[in-house]
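These notes are about the structure you will find just below.
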Amino acid sequence: MGASCFRWAVLCSLVASPALGAPDAPDAPDAAYESPGRQGFFLRFAPKFSYLFLWSNANVASSFRQELPSSADAQGYGFEGQIGREVWGRVSLAAAFDFETYRRVHAKVEGETIAVEHFQLGVVAFGLVVTAFPFEDLGWYTALKASLCSIEPALDNESFGGTAFSGPQMRGACVSALGGYEWRVSRGWWMGLGARIGYLRNTTNEGDQSLNAVSPGLMLTATYY
């Protein structure tokens, strides 16, 4: 009787051993969402708020038509759009379009400060942006943008019911450095806050008028992969 019970106990232990040694079934969370990947093409939308400091050898208050050295500052806002994808590791390349408008321009001409009413400055740029994510969480980013841009004065023209551009158009190169942090809020969306500083150098087609400008500011970002 004892030998029979022993044989049954050995048989039961052999049957139960594979079940006890089997690995636990993995949980079923969405692994793609849990991993912080930034892969494939992306779209980035970035409203921004800036302050412009400008120096020119022409009078900004006359839409750069007078040969009088001047400077100006103004607050403004704008929008930037990017489309691109990662090109190597944690580095991405994107084409960018952005525009900015600056109102409430305060100008200094021949040492006198004046507030220019019904006057604004507009900046339009097309360029390329290289963005790097230095840390593995892919939240922090730094970027460098090089663009072709133009700055144009605008006057409110009530007789035409809108804004009329006047004066020589300024064109040239501009560069921007950007940096910030984005938080992942869903499978494909990242939302963040960043800081930027830009520099532009513009001249007229004839090269008679020229200007230099610096524009620091903040921007909100929404990126979709």
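Values quoted throughout were computed directly from the atomic coordinates according to the rules given, and no laboratory measurement underlies them. None of these values were measured; they are calculated from a predicted model. Don't worry about glycine lacking a Cβ; one is built from the backbone with ideal geometry, like all the others, and counts go over all protein chains shown.
Some points to look at:
- Computed label-point distance, nm, for sites E117 and W140 using a 7 Å Cα→Cβ extension: 5.0
- Amide H within-cut-off set for Q209, under 5 Å, with H built and near neighbours excluded: T204
- Remark: the range 138-155, residue by residue, has Karplus-estimated 3J(HN,Hα) of 6, x, 6, 9, 10, 8, 10, 10, 10, 9, 9, 9, 9, 10, 10, x, 9, 10 Hz, where x stands for each Gly or Pro and the curve is 6.51 cos²θ - 1.76 cosθ + 1.60 at θ = phi - 60°.
- In order along the range 102-109, the phi-based Karplus estimate (6.51 cos²θ - 1.76 cosθ + 1.60, θ = phi - 60°) of 3J(HN,Hα) comes to 10, 10, 6, 6, 10, 10, 10, 10 Hz; Gly and Pro are listed as x.
- Taking Cβ atoms as reference points and 10 Å as the exclusive limit, the residues near F133 contribute a net charge of -2, counting Lys and Arg as +1 and Asp and Glu as -1.
- Spherically averaged projected area of the convex hull of Cα atoms, the range 37-224: 11.6 nm².
- Projected area averaged over orientations for the range 101-154, convex hull of C-alpha atoms, nm²: 6.1
- Over all projection directions, the Cα-based convex hull of the range 40-94 averages an area of 5.7 nm².
- Cβ-based net charge around E100, under 12 Å, with every Lys or Arg adding one and every Asp or Glu removing one: 0
- When the trypsin sites (Lys or Arg not before Pro) in the range 86-134 are filtered for DSSP coil states and for at most 16 other beta-carbon atoms within 10 Å of their beta-carbon, the remaining sites are R90.
- If the chain linking S150 and L218 were pulled fully straight, counting 0.36 nm for each residue of separation and taking away their Cα-Cα distance, it would gain 22.4 nm.
- Under the combined filter of DSSP loop state and at most 16 neighbouring Cβ atoms within 10 Å, the range 105-145 retains these chymotrypsin sites (Phe, Trp or Tyr not before Pro): F135.
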